[in-house]
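Student: First the structure, then my questions, so here it is.
The values are calculated or read from the model by the stated rules, or taken from the named source; none is laboratory data. No experiment lies behind these values; they were computed from the predicted model shown. Note that we place each Cβ from the backbone using ideal geometry, even for glycine, and neighbour counts take in every protein chain shown.
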Amino acid sequence: MPHRFEVVEDDCTGCGLCSERAPENLEIPAGFSIAEVFKQPETSTEEEACLEASEYCPAGALLAHTKDLSPADPAQSGGQASFVPAGESTPAGIGSEDWRNDT
Amino acid sequence: MSFETIDTNVKALWRFDYDSNIKPLRDLYEVAKKEQWNAALDIPWHIETDPSQIGDMSAPNAEPYDFVKALPKEKQIEFAKRRSAHLLSNFLHGEQGAMMICGQLVEVVPDMDGKLYASTQVIDEARHVEVFHRYISRLDRIYPIMPGLKALLNAVLTADLWQMKCIGMQVIAESIAMGSFKTMLAITHDEVFKKILQLTSQDEARHVSYGLIYMKDAIPKMNEPDRDRLEDFAFTAMTLLATTPQMEGGRSTDPFEQIYLELGIDPQKATSEIISRMMDPEAVRAQPNPFRDYAYPQLERVGVITDRTRAKYREVGLAA
């Protein structure tokens, strides 16, 4: 899958919106107050759900790391993956019109 | 019977199209329905509270005050117990205010998803009133609401724009509550109190998220004069809560004076030590500050702090 996901613990409020959207990959473990990626997405359906969760995250705490297969791809170059702050640099993020159905 | 009334002017808004139009809010509504808990059954009320395990909330991340250390051990515990009751009394009053404001949100917000979610928060707040009232009765008595909190809640209750209610309650007050609960959770060793804080924090996280999601959507659509008014309201709300002096009968009072007197602490000595620590920049930095650390970053995140208002937050020490 072209994305890996990471929770920024200091920013996560633990509201559970991400685990509602992507229950196969994200959860708030019992007794904890922040979300955890318990499994990176293994199918395109799971990845789409995680991307949507990242876009929804009101605190911008679920990061989608882009593995863009360019020389910046850590698997190929040893470099660092690029970080896409959730909901801020993605076109369908909160504040865009994509998730709002009315006018 | 003790009560007060305040006139509010709320314009209720009907929606006749019931389909979801803000997907993240509808999802948050689903989360809220799943995460409901019962204040009577889900808190281990059968465990007795050992006063020595409550913890002193007066000096988080810092050495206890000298005036506290000078007390005999049993009075130190009594001080911690009463100080906690005072603090939690204000959360109790805050939860009641939140319950009323959320009731207003159900009426005033313009989207069905916003109304459905807000309705779940009304019962969340009712549960919080129930647990804090029950827990405080184990410790001491209910103390009066602090003037700054009362001023904030009344400002939100009487605000004319629904966005002001959302910023004042969901983004500012709820973020401060989350930050404060996190601090208290790190201090206390009382299992009952810990469970209360864990469950209420879980609810508060949804409440903050509602404000962030809704305001990120609504603020860019506001006209400029209303947006300016919202920005000014946010600053006023923060300063009301953070800096309003404690006034009683026209004179400034220390909110803990009553506790000092009952425990044989010299109020002047205690107040002077607290003020001196508040004036020490090192000590201030070390203290958790929910305004600076939790509410301010969220206001930045939703775009209600702008170049026009940012400097004002810095001037009063509320900027992160």
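Student: Residues that are closer than 21 Å to B:MET178 by Cα, surrounded by fewer than 17 Cβ atoms within 10 Å (Cβ to Cβ) and among the aliphatic types (A, V, I, L, M): does segment B:69-91 have at least one?
Tutor: Checked against the condition, which is being closer than 21 Å to B:MET178 by Cα, surrounded by fewer than 17 Cβ atoms within 10 Å (Cβ to Cβ) and among the aliphatic types (A, V, I, L, M), segment B:69-91 yields no hits at all.
Student: In this structure, does B:TYR65 turn out to be within 14 Å of chain A (Cβ to nearest Cβ) and either free of Cβ contacts under 8 Å to residues at least 60 places away in the same chain or among the hydroxyl-bearing types (Ser, Thr, Tyr) (or both)?
Tutor: Against the criterion (within 14 Å of chain A (Cβ to nearest Cβ) and either free of Cβ contacts under 8 Å to residues at least 60 places away in the same chain or among the hydroxyl-bearing types (Ser, Thr, Tyr) (or both)), B:TYR65 does not qualify.
Student: Filter segment A:27-52 down to the residues that are small (Gly, Ala, Ser) and either assigned to a strand (DSSP E or B) or farther than 14 Å from A:THR13 by Cβ (or both) and list them by number.
Tutor: The first filter runs over segment A:27-52 and keeps only residues small (Gly, Ala, Ser), leaving A:30-31, A:33, A:35, A:44, A:49.
If the condition is that a residue be small (Gly, Ala, Ser) and either assigned to a strand (DSSP E or B) or farther than 14 Å from A:THR13 by Cβ (or both), then A:ALA30, A:GLY31, A:SER44, A:ALA49 are the ones that fit.
Student: Counting just the residues of segment B:14-41 that are over 21 Å from A:PHE32 (Cβ atoms) and of a type in the set (Phe, Trp, Tyr), which one comes out nearest to the other protein chains (Cβ to nearest Cβ)?
Tutor: B:TYR29
Student: Moving to a separate point now. Specify the residue that is nearest to the other protein chains (Cβ to nearest Cβ); the eligible residues are those in segment A:53-69 that are of a type in the set (A, V, I, L, M) and not in a loop (DSSP other than H, G, I, E, B).
Tutor: Of everything passing the filter in segment A:53-69, A:ALA53 is nearest to the other protein chains (Cβ to nearest Cβ).
Student: Moving on to the next point. So, B:GLU174, is that one part of a helix (DSSP H, G or I) and facing chain A (nearest Cβ under 9 Å) or not?
Tutor: Criteria not met by B:GLU174.
Student: Now for a separate question. Of everything in segment A:29-49, what is within 13 Å of A:GLU6 (Cα to Cα), modelled with pLDDT of 95 or more and within 14 Å of chain B (Cβ to nearest Cβ)? Give them in sequence order.
Tutor: A:ALA35
Student: Under 9 Å by Cβ, and 6 or more places apart or on different chains, what pairs join a residue from segment B:255-268 that is among the aliphatic types (A, V, I, L, M) with one that is part of a loop (DSSP other than H, G, I, E, B)?
Tutor: B:ILE259/B:ASP140; B:ILE259/B:TYR143; B:ILE259/B:ILE265; B:LEU263/B:LEU71; B:ILE265/B:ALA70; B:ILE265/B:LEU71; B:ILE265/B:PHE256
Student: Here's a follow-up. Exactly one condition in (1) touching a helix residue (DSSP H, G or I) at 6+ places or on another chain (Cβ under 6 Å); (2) under 30 Å from B:ALA85 (Cβ atoms); (3) part of a helix (DSSP H, G or I) is false for B:PHE235; which is it?
Tutor: All conditions pass for B:PHE235, except number (2).
Student: Now for a separate question. If you go through segment B:156-171 one residue at a time, do you hit one that is within 25 Å of B:PRO288 (Cβ to Cβ) and of a type in the set (S, T, N, Q)?
Tutor: yes
Student: Would it be correct to say that B:SER119 is surrounded by fewer than 17 Cβ atoms within 10 Å (Cβ to Cβ) and at pLDDT 90 or above? Reasoning before the result, please.
Tutor: Details: surrounded by fewer than 17 Cβ atoms within 10 Å (Cβ to Cβ): yes; at pLDDT 90 or above: yes.
So B:SER119 fits the description; yes.
Student: Still on this structure: Considering only segment B:152-173, how many residues are farther than 17 Å from B:GLY94 by Cβ and either within 13 Å of the chain's Cα centre (by Cα) or charged (D, E, K, R) (or both)?
Tutor: Total satisfying the criteria: 1.
Student: Taking the options B:SER137, B:SER89, name whichever one is polar (S, T, N, Q), in contact with a helix residue (DSSP H, G or I) (Cβ under 7 Å, 6 or more places away or on another chain) and part of a helix (DSSP H, G or I).
Tutor: After ruling out the rest, the residue left standing is B:SER89.
Student: Quick check on segment B:201-221. Is at least one of its residues more than 14 Å from chain A (Cβ to nearest Cβ) and buried (at least 19 other Cβ atoms within 10 Å of the Cβ)?
Tutor: Going residue by residue through segment B:201-221, those that are more than 14 Å from chain A (Cβ to nearest Cβ) are none.
No, that holds for no residue.
Student: When you scan segment A:11-23, do you find a residue that is basic (Lys, Arg), within 12 Å of chain B (Cβ to nearest Cβ) and either crowded, with 21+ Cβ neighbours inside 10 Å or at negative phi (or both), even just one?
Tutor: Yes, segment A:11-23 has at least one match.
Student: Mind listing whichever residues of segment B:272-291 are more than 14 Å from chain A (Cβ to nearest Cβ) and either free of Cβ contacts under 8 Å to residues at least 60 places away in the same chain or not in a helix (DSSP H, G or I) (or both)?
Tutor: B:SER272, B:ILE275, B:SER276, B:MET278, B:MET279, B:ASP280, B:PRO281, B:GLU282, B:VAL284, B:ARG285, B:GLN287, B:ASN289, listed by residue number.
Student: Could you please find all residues in segment B:20-34 being closer than 14 Å to B:GLY211 by Cβ and in contact with a strand residue (DSSP E or B) (Cβ under 9 Å, 6 or more places away or on another chain)?
Tutor: Residues satisfying the conditions are B:ILE22, B:PRO24.
Student: Related question: What's the number of the only condition in (1) more than 9 Å from the chain's Cα centre (by Cα); (2) buried (at least 21 other Cβ atoms within 10 Å of the Cβ) that A:GLU27 fails to meet?
Tutor: Against the list (1) more than 9 Å from the chain's Cα centre (by Cα); (2) buried (at least 21 other Cβ atoms within 10 Å of the Cβ), A:GLU27 comes up short only on (2).
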